[in-house]
């Protein structure tokens, strides 16, 4: 999946600034154009993960032509930032983990106290970290 980005040109003394028209408040920068585009992909992944964790809908990417045609971005550079579509995958997957028995007993006790299954408790703990 690729999101269009607009990049404010940098110079010898300023970084290239990156804005995502589709992801409000998501921005990045880089000392070079290549670095700015790479950093943009990382910023988008963090923005999307945070939005999903908070139950906020993630807007789909706009068409590249629509963004490029917006007069607000006149004089800026246009590119696409890659976003791993697995960020949106909410399908359950069975995993096999190995834990010391004493840890498993403690984990099950905590899950029961919270009124959750073992899997649900582990998932919630991982998401809150």
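May I ask you to say which residue of 105, 67 is over 25 Å from residue 8 (Cα atoms) and surrounded by 10 or more Cβ atoms within 10 Å (Cβ to Cβ)?
Values: 67 fails: over 25 Å from residue 8 (Cα atoms).
That would be 105, the only listed residue that is over 25 Å from residue 8 (Cα atoms) and surrounded by 10 or more Cβ atoms within 10 Å (Cβ to Cβ).
Which one of these is touching a residue at least 24 places away in the same chain (Cβ under 8 Å) and more than 25 Å from the chain's Cα centre (by Cα): 115, 75? Spell out how you get there, then give the answer.
On the way: 115 fails: touching a residue at least 24 places away in the same chain (Cβ under 8 Å).
75 is the lone residue from the list that is touching a residue at least 24 places away in the same chain (Cβ under 8 Å) and more than 25 Å from the chain's Cα centre (by Cα).
If I go through region 33-48 residue by residue, how many of them are more than 11 Å from residue 81 (Cα to Cα) and touching a strand residue (DSSP E or B) at 6+ places or on another chain (Cβ under 7 Å)?
Adding up the residues that qualify gives 1.
Residue 81 fails exactly one of the following numbered conditions: (1) part of a helix (DSSP H, G or I); (2) assigned by TED's automatic domain parsing to the domain that holds residue 22; (3) surrounded by 12 or more Cβ atoms within 10 Å (Cβ to Cβ). What is the number of that condition?
(1)
Could you say which residue among 80, 23 is more than 30 Å from residue 123 (Cβ to Cβ) and touching a residue at least 24 places away in the same chain (Cβ under 8 Å)? I'd like the intermediate steps shown before the answer.
Values: 23 fails: more than 30 Å from residue 123 (Cβ to Cβ).
It is 80.
Kindly provide the set of residues from region 20-48 that are surrounded by 20 or more Cβ atoms within 10 Å (Cβ to Cβ) and either more than 13 Å from the chain's Cα centre (by Cα) or assigned to a loop (DSSP other than H, G, I, E, B) (or both), ordered by number.
20, 23, 26, 36, 37
Failed condition for residue 124, given (1) surrounded by 11 or more Cβ atoms within 10 Å (Cβ to Cβ); (2) in contact with a helix residue (DSSP H, G or I) (Cβ under 7 Å, 6 or more places away or on another chain), with all others met?
For residue 124, the exception is condition (2).
The values are calculated or read from the model by the stated rules, or taken from the named source; none is laboratory data. A quick note: this is a predicted structure, and the numbers were derived from the prediction, not measured. Note that we place each Cβ from the backbone using ideal geometry, even for glycine, and neighbour counts take in every protein chain shown.
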